[in-house]
């Protein structure tokens, strides 16, 4: 099944796409500030493994014109919470165990949102991002198992995670990707362990 999803905000519409295979194993919220061609590849990878995917932008077209919009962690967090509420009330998605896959600037917001919706979000997978921007409260409250992936050259992100890790009370794993390594293999492994268990 394929559905277009729209979410109204005071700053414009947020657009998304829901892809559900037959008998999905769970749902992955692909959280991005704006859609990219890579979203299609990620969605195809995950749906091919039996997971539903909601690919959702967190910034409206109007907001995307501002260079610092992706740095607004409180706004991105609120958008994620609004999307989680949409999922909670959608007949096609509400009963599926839920994971969030975030990257870059959306990572801190994903951690905040997951910490506040700990019964709904069963796991997090994040690719890069400055994790400690999520704040101490969110790091301490996060219960969902967290997978953090970093490129070898991402020394800033890795240093930020080292600072944040001392405050994480829940289960987490970190991995530095080799140059040719496919991050989706790590994400799929994390899903199969923790999301399938939640199901």
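Suppose we keep only residues that are in contact (Cβ under 8 Å) with a residue 24 or more places away in the chain and surrounded by fewer than 21 Cβ atoms within 10 Å (Cβ to Cβ) within region 146-155. Which one would you say is nearest to residue 184 (Cα to Cα)? Show your work before the answer.
Our first condition is that a residue be in contact (Cβ under 8 Å) with a residue 24 or more places away in the chain; within region 146-155, this holds for 146-152, 154.
If we keep only those that are surrounded by fewer than 21 Cβ atoms within 10 Å (Cβ to Cβ) as well, we get 151-152, 154.
Values: 151: 13, 152: 16, 154: 18 Å.
Taking the candidates together, the pick is 151.
Can you find a residue that is surrounded by 21 or more Cβ atoms within 10 Å (Cβ to Cβ), in a helix (DSSP H, G or I), touching a residue at least 60 places away in the same chain (Cβ under 8 Å) and under 15 Å from the mean Cα position of the chain (by Cα) anywhere in region 32-42? Reasoning before the result, please.
Applying the first criterion (surrounded by 21 or more Cβ atoms within 10 Å (Cβ to Cβ)) to region 32-42 yields 32-33, 42.
If we keep only those that are in a helix (DSSP H, G or I) too, we end up with 42.
From the residues that got through so far, the ones that are touching a residue at least 60 places away in the same chain (Cβ under 8 Å) too are 42.
Now drop any that are not under 15 Å from the mean Cα position of the chain (by Cα), which leaves 42.
Scanning region 32-42 turns up at least one residue that is surrounded by 21 or more Cβ atoms within 10 Å (Cβ to Cβ), in a helix (DSSP H, G or I), touching a residue at least 60 places away in the same chain (Cβ under 8 Å) and under 15 Å from the mean Cα position of the chain (by Cα).
Within region 48-55, does at least one residue satisfy the condition of being surrounded by fewer than 21 Cβ atoms within 10 Å (Cβ to Cβ) and touching a strand residue (DSSP E or B) at 6+ places or on another chain (Cβ under 8 Å)? Reasoning before the result, please.
As a first pass, look at region 48-55 and keep what is surrounded by fewer than 21 Cβ atoms within 10 Å (Cβ to Cβ): 48-50.
Keeping just the survivors that are touching a strand residue (DSSP E or B) at 6+ places or on another chain (Cβ under 8 Å) gives none.
No, every residue in region 48-55 fails to be surrounded by fewer than 21 Cβ atoms within 10 Å (Cβ to Cβ) and touching a strand residue (DSSP E or B) at 6+ places or on another chain (Cβ under 8 Å).
Of the residues 144, 125, which single one is assigned to a loop (DSSP other than H, G, I, E, B), at negative phi and in contact with a strand residue (DSSP E or B) (Cβ under 7 Å, 6 or more places away or on another chain)?
144
Test residue 84 against the stated conditions and say whether it is touching a residue at least 12 places away in the same chain (Cβ under 8 Å), out of contact with any helix residue (DSSP H, G or I) (no Cβ under 6 Å at 6 or more places or on another chain), under 23 Å from residue 2 (Cα atoms) and not in a loop (DSSP other than H, G, I, E, B). Outline the logic, then answer.
Working: touching a residue at least 12 places away in the same chain (Cβ under 8 Å): yes; out of contact with any helix residue (DSSP H, G or I) (no Cβ under 6 Å at 6 or more places or on another chain): yes; under 23 Å from residue 2 (Cα atoms): yes; not in a loop (DSSP other than H, G, I, E, B): yes.
Taking the combined requirement at face value, the residue satisfies it.
Please specify each residue of region 56-73 satisfying the condition of being surrounded by 15 or more Cβ atoms within 10 Å (Cβ to Cβ) and free of Cβ contacts under 8 Å to residues at least 12 places away in the same chain.
Passing the criteria: only 72.
Regarding residue 167, is this residue part of a strand (DSSP E or B) and more than 18 Å from residue 80 (Cα to Cα)?
Working: part of a strand (DSSP E or B): no; more than 18 Å from residue 80 (Cα to Cα): yes.
Here the answer is no, as residue 167 does not meet what is asked.
Is it fair to say residue 179 is out of contact with any helix residue (DSSP H, G or I) (no Cβ under 7 Å at 6 or more places or on another chain), more than 23 Å from residue 98 (Cα to Cα), touching a residue at least 24 places away in the same chain (Cβ under 8 Å) and not in a helix (DSSP H, G or I)? Reasoning before the result, please.
On the way: out of contact with any helix residue (DSSP H, G or I) (no Cβ under 7 Å at 6 or more places or on another chain): yes; more than 23 Å from residue 98 (Cα to Cα): yes; touching a residue at least 24 places away in the same chain (Cβ under 8 Å): yes; not in a helix (DSSP H, G or I): yes.
Yes.
Tell me whether region 57-77 contains one or more residues that are in contact with a helix residue (DSSP H, G or I) (Cβ under 7 Å, 6 or more places away or on another chain), part of a strand (DSSP E or B) and at pLDDT below 95.
Looking only at region 57-77, we keep the residues that are in contact with a helix residue (DSSP H, G or I) (Cβ under 7 Å, 6 or more places away or on another chain), and these are 58-59, 63, 69-71, 73, 76-77.
Checking which are part of a strand (DSSP E or B) leaves us with none.
Within region 57-77, not a single residue is in contact with a helix residue (DSSP H, G or I) (Cβ under 7 Å, 6 or more places away or on another chain), part of a strand (DSSP E or B) and at pLDDT below 95.
Could you grab me the full set of residues in region 74-94 that are surrounded by fewer than 16 Cβ atoms within 10 Å (Cβ to Cβ) and farther than 25 Å from residue 194 by Cα?
Within region 74-94, just 74 meets the criteria.
Exactly one condition in (1) touching a strand residue (DSSP E or B) at 6+ places or on another chain (Cβ under 9 Å); (2) assigned to a loop (DSSP other than H, G, I, E, B) is not met by residue 22; state its number.
Among (1) touching a strand residue (DSSP E or B) at 6+ places or on another chain (Cβ under 9 Å); (2) assigned to a loop (DSSP other than H, G, I, E, B), residue 22 violates only (1).
Hey, does region 90-103 have a residue that's in contact with a strand residue (DSSP E or B) (Cβ under 6 Å, 6 or more places away or on another chain), closer than 21 Å to residue 4 by Cα and without any contact (Cβ under 8 Å) to a residue 24 or more places away in the chain?
No, region 90-103 contains no residue that is in contact with a strand residue (DSSP E or B) (Cβ under 6 Å, 6 or more places away or on another chain), closer than 21 Å to residue 4 by Cα and without any contact (Cβ under 8 Å) to a residue 24 or more places away in the chain.
Considering only residues of region 111-134 that are touching a residue at least 40 places away in the same chain (Cβ under 8 Å) and more than 18 Å from residue 83 (Cβ to Cβ), which is surrounded by the most Cβ atoms within 10 Å (Cβ to Cβ)? Steps first, please.
To start, the set of residues in region 111-134 that are touching a residue at least 40 places away in the same chain (Cβ under 8 Å) comprises 122-123, 125, 127, 133-134.
Still in the running and more than 18 Å from residue 83 (Cβ to Cβ): 127, 133.
Numbers: 127: 23, 133: 17.
Selected residue: 127.
Only residues that are over 18 Å from residue 118 (Cβ atoms) and assigned to a helix (DSSP H, G or I): list them for region 87-105, please.
Residues satisfying the conditions are 104, 105.
The values are calculated or read from the model by the stated rules, or taken from the named source; none is laboratory data. This structure is a prediction, so every number in the text was calculated from the model and none was measured. Because the Cβ atoms are built from the backbone with ideal geometry, glycine has one as well, and the counts that use them run over all protein chains shown.
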